Structures are given as C-alpha cells and as structure tokens.
Amino acid sequence: MDDPPILFVIRSLSRSKRFASYYATQHAEGMKNPQLSRRKFIRHSAVAAVSFPFVSSLGGAAEDPARKLGFALVGLGNLSTGQLAPALQRTQHCRLTAIVTGTPSKIPVWKERYNISDKNIYSYDTMEQMADNPDIDVVYVVTPNGLHGEHSIKAAKAGKHVFCEKPMEISVEKCEQMIAAAKKAGRMLGVGYRCQYEPNHLECRRLASEKVFGELKSIEGGFSRSITATEWRVKKALAGGGPLMDVGIYALQTCRFVSGREPLEVSAKFGPITEPEKFGEVEQSVEWEMIFPGGLKTKCHTNYERSDSNDFTVTAEKGTFGLNPAYNYNGGRGTRSDGEKINLPTVNQFAAEMDDFAQCIMMKKPSKVSGEEGLRDVKIMMAIYESARTGKPVKLANL
Ligand code: NAD
C-alpha cells in the first residue's frame, strides 16, 4: 500500500521549512505530553489513514508537493468568516485566493483582510468564469445545505476541485449529481467532516478498532443547539431538514467513524413541536437508533431547542469510553472507564481537513472524506426521516 497520507505529508514537508508550525507543533506537544508519544502519534495518524480504492480519474504524475493550492470560499457567512478564512491562514498547503458572494458590501472587508485581487471575486452567477482562473484550485462551498449541489456542480464544471460543507446536500439525488459532476470533470470532491481530523476522535476510533475494551456493544450520544426563527436552517428548501441535517449528523458520523461499520437498520421518532412558529417546515428534535453488524446498537438524539448535548459514550465488553464535549471547534476531550483521560492536544480541524484535501489532490490520492462518504450520511438521514414519518424501522442496503 502507498504511504499513509500523514507519513507522506511528514516526508514531503520535512523538505520544507514550513513544517515548523503546524504538524511539528502537534508532534512537539506530543513529545512533551506522555499521552502522545511519537509511537502514539504515528499510530493515531495511521488510524486516520484509512485505505481507499484508487480513483482512476485522478491518475497521472503527482504535482510539486510544495505548491500551495488556491482556495475560493463560496458563501461568506459565519463559518467562512469565523473559522475557514482564519484556518486557511494556518494551513501548510492552501491559500485563500478567491471569494464568491452575493453580498457586495462584504467585498471590501474581505479584499483588505485577505489581500484578494479584484479578478478573484465572483458572484454565484459568475462562478463558471472561474474556469479561466489559475489562482483557484479548490472551491470550498459554504452556503446553505440546499445550495451545495448547485454551487459544487458549477465549480466542477469550471474544472475546479470541490470541497463542500456538511451535510453534502439535502437529497440522495443531489449528492449523486455532485459525484457525477466531479467525476466527469476529473476533479476531487470532499466533504467537511472536520472531526475525522480531531485527535481525540481518532483516539476513540483506535480504542474501538484495537478492541482495547473488547467488542463494541453500544454507542450513545447527541449534539444539539438552539436556533432563531429567522435562519435559513428552519426553511426546508435550504436546510433539507432540522437539527438532524445540521448537528445530528455529527452523532451519526461518530457511530460510523468510531465503529468503522455501516448501519443495517434505523428506527427513529420525532419529538413534539413546542414552537410551531419556528418548526413548521423542519423537525424540532429527533432521536434514532441504528443496528450495525456484530450486534452493535447505537442511540442518538438531536434538537434545536437548547445546547444540551455534545457528547458520546461507547460501551464495550470490558469498559466504556467517550468524549464530552465531543464536537467543539477547539477539540474534544473525554474519559475511559479505566480512569485514563482522553485529552490529546488538538489541532485546528479546519486547517487539517483542508491541508489533507490539498495533499490528496497533489499526491493524487483519494480523500477519506469523499463525496461517497457524504452520500452515505445523506442516505442514512433520509432513512431516519422515513422511519420517523412511518413509525417503522428502515433497512439500509448498498451504503
Ligand atoms: P450562514 O447563514 O452564516 O452563511 C451562509 C452563507 O450563504 C451566507 O454568506 C449567505 O449570504 C449565503 N447564501 C447564499 N445564498 C443564500 C440563500 N439563498 N439564503 C441564505 N443564505 C445564502 O451559515 P453557516 O453557519 O456559515 O453555514 C454554512 C454551511 O456550513 C452549512 O452547510 C452548514 O451546515 C455548514 N457548517 C458547518 C460547520 C462545521 O463545523 N463544519 C459549522 C457551521 C456550519
């Protein structure tokens, strides 16, 4: 097998002085911290390096690994402003070169703050013109969920690699169209599953895969937040659904990512609607159970009422482990039933996901957060909604 991506990154970067700040910081912290020895660091990294079938459309010689890829942010809302643009400044392999916005008043601030030239500023209607722009390698779609397909497909048609926020889209068909568009253009498609880069999530995955506490029995957890009635998040056409599509997806991802398995069946039920003026189009809360191979059962919940859950607990034959908080931008931390803490030095998850995507492009390696990975979650969420609507379990096949 090829090098696990992280080892490849280390090798490539060790030729570059810029290795100093990001991965090396993590490594140095690891040396200071007995919880993250070099051996463990490599092991965590290797856990992250899930093997994937090679994507033939990405074939050909690898590019110069020292080149920084130009990123265009599409949609300059809270996530782009508060997290992604700052994170891009902390990457080793990416640079913010372009913006796409429907709000002209945002342009001067972004231009000045990130030194973006006029020729690299687009509206949603002019994205096709990116085809002529060599400053843009990757288009990162950060608009409301129901617009991800439209913007991703425009970017792929312009010949750009596409990174798209979660959830990938609001229907299976849209996700399939996105995958087809990227494939047709011979470009990569990735989804913003930042927790797959968070060291404490990787540690939980290791505890599960190495059966440190024996066979997995159950995973329970949730993620919830409050919301205002004016957000696009309560409009079905833009959001696709309520808290499940927005934050419940993290709990779903955890069950799949930590166990390394795909669910066979889901059962779900919606909670009561106590704020009908807000929740006329999307659910206010939902809880769901999944059955996985090997007898693993999971139970998750999410709501838009209050921030009262942000955690998961894995129960195995000989003990438990989990994170609380699990999904914060500044990382997760948790405990194990043997008394050890799960508190590895965290990384900037957004910088890590973008650097990894850039390296996958440069090295012509498939991404672990591929469009197919995003599609699997959307298929499962559709089954959760079907079960909640019908009151019957829904079997899942061909994930
Ligand atoms: P936001 O409302 O703050 O920003 C959305 C942006 O899209 C705004 O700039 C808005 O002007 C633009 N937009 C374009 N067309 C629009 C339309 N028709 N209606 C409304 N807005 C429109 O939202 P956000 O919190 O930045 O979320 C954007 C995406 O990022 C969502 O898909 C969300 O799920 C995802 N997200 C991911 C994380 C994460 O941790 N990975 C965190 C927050 C949001």
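The values are calculated or read from the model by the stated rules, or taken from the named source; none is laboratory data. What you see is a predicted model; the values in this text were computed from it and never measured. All Cβ positions, even for glycine, are placed from backbone atoms using ideal geometry, and neighbour counts span all protein chains on display. Remember, those area values only see protein heavy atoms, side chains included, never the ligands or the DNA or RNA. Shrake-Rupley method; radii C 1.70, N 1.55, O 1.52, S 1.80 Å.
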Take residue 266 and decide whether it is under 21 Å from residue 375 (Cα atoms), assigned to a strand (DSSP E or B) and open to solvent by less than 20 Å² (accessible area, probe 1.4 Å). yes
Conditions: (1) more than 15 Å from residue 249 (Cβ to Cβ); (2) modelled with pLDDT of 95 or more. Residue 302 meets all but one. Number of the miss? (1)
Output the residues belonging to segment 230-247 that are more than 20 Å from residue 192 (Cβ to Cβ) and touching a Phe, Trp or Tyr at 6+ places or on another chain (Cβ under 9 Å). 234
Would segment 324-339 turn up any residue that is crowded, with 22+ Cβ neighbours inside 10 Å and among the hydroxyl-bearing types (Ser, Thr, Tyr)? yes
Scanning segment 370-396 for residues that are part of a loop (DSSP other than H, G, I, E, B) and open to solvent by 60 Å² or more (accessible area, probe 1.4 Å) gives 391, 392, 393
Regarding segment 340-360, can at least one residue be identified that is open to solvent by less than 10 Å² (accessible area, probe 1.4 Å), touching a strand residue (DSSP E or B) at 6+ places or on another chain (Cβ under 6 Å), in a strand (DSSP E or B) and more than 30 Å from residue 276 (Cα to Cα)? yes
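Consider segment 305-327. How many of its residues are within 15 Å of the ligand (Cβ to nearest atom), of a type outside the set (Ser, Thr, Tyr) and either over 30 Å from residue 84 (Cβ atoms) or touching an Asp or Glu at 6+ places or on another chain (Cβ under 9 Å) (or both)?
Just the residues of segment 305-327 that are within 15 Å of the ligand (Cβ to nearest atom), to begin with: 307, 310, 325-327.
When the remaining residues are screened for being of a type outside the set (Ser, Thr, Tyr), the result is 310, 325-326.
The next check asks that each one be either over 30 Å from residue 84 (Cβ atoms) or touching an Asp or Glu at 6+ places or on another chain (Cβ under 9 Å) (or both); those that pass are 325-326.
The qualifying residues number 2.
Of these, 98, 87, which one is of a type in the set (Gly, Ala, Ser), open to solvent by less than 10 Å² (accessible area, probe 1.4 Å), more than 12 Å from the ligand (Cβ to nearest atom) and modelled with pLDDT of 95 or more? Break it down stepwise before answering.
Working: 87 fails: more than 12 Å from the ligand (Cβ to nearest atom).
Among 98, 87, only 98 is of a type in the set (Gly, Ala, Ser), open to solvent by less than 10 Å² (accessible area, probe 1.4 Å), more than 12 Å from the ligand (Cβ to nearest atom) and modelled with pLDDT of 95 or more.
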Given 111, 119, 154, which one is charged (D, E, K, R) and buried (at least 22 other Cβ atoms within 10 Å of the Cβ)? 154
With the condition being modelled with pLDDT of 95 or more, within 22 Å of residue 382 (Cα to Cα) and within 15 Å of the ligand (Cβ to nearest atom), I'd like the helices (runs of 4 or more DSSP H) fully within segment 142-209 carrying at least 1 qualifying residues. 148-157, 172-185
Based on what the data block shows, is residue 399 hydrophobic (A, V, I, L, M, F, W, C), farther than 30 Å from residue 271 by Cβ, touching a helix residue (DSSP H, G or I) at 6+ places or on another chain (Cβ under 9 Å) and part of a loop (DSSP other than H, G, I, E, B)? no
Going through segment 210-255 in order, the residues found to be open to solvent by less than 60 Å² (accessible area, probe 1.4 Å), within 14 Å of the ligand (Cβ to nearest atom), under 30 Å from residue 342 (Cα atoms) and not polar (S, T, N, Q) are 223, 243, 244, 245, 246, 247, 248, 249, 250, 251, 252
Cross-chain or 6+ apart pairs with Cβ under 7 Å, segment 227-242 first and more than 14 Å from residue 284 (Cβ to Cβ), then more than 11 Å from the ligand (Cβ to nearest atom) and open to solvent by 40 Å² or more (accessible area, probe 1.4 Å): 235/281
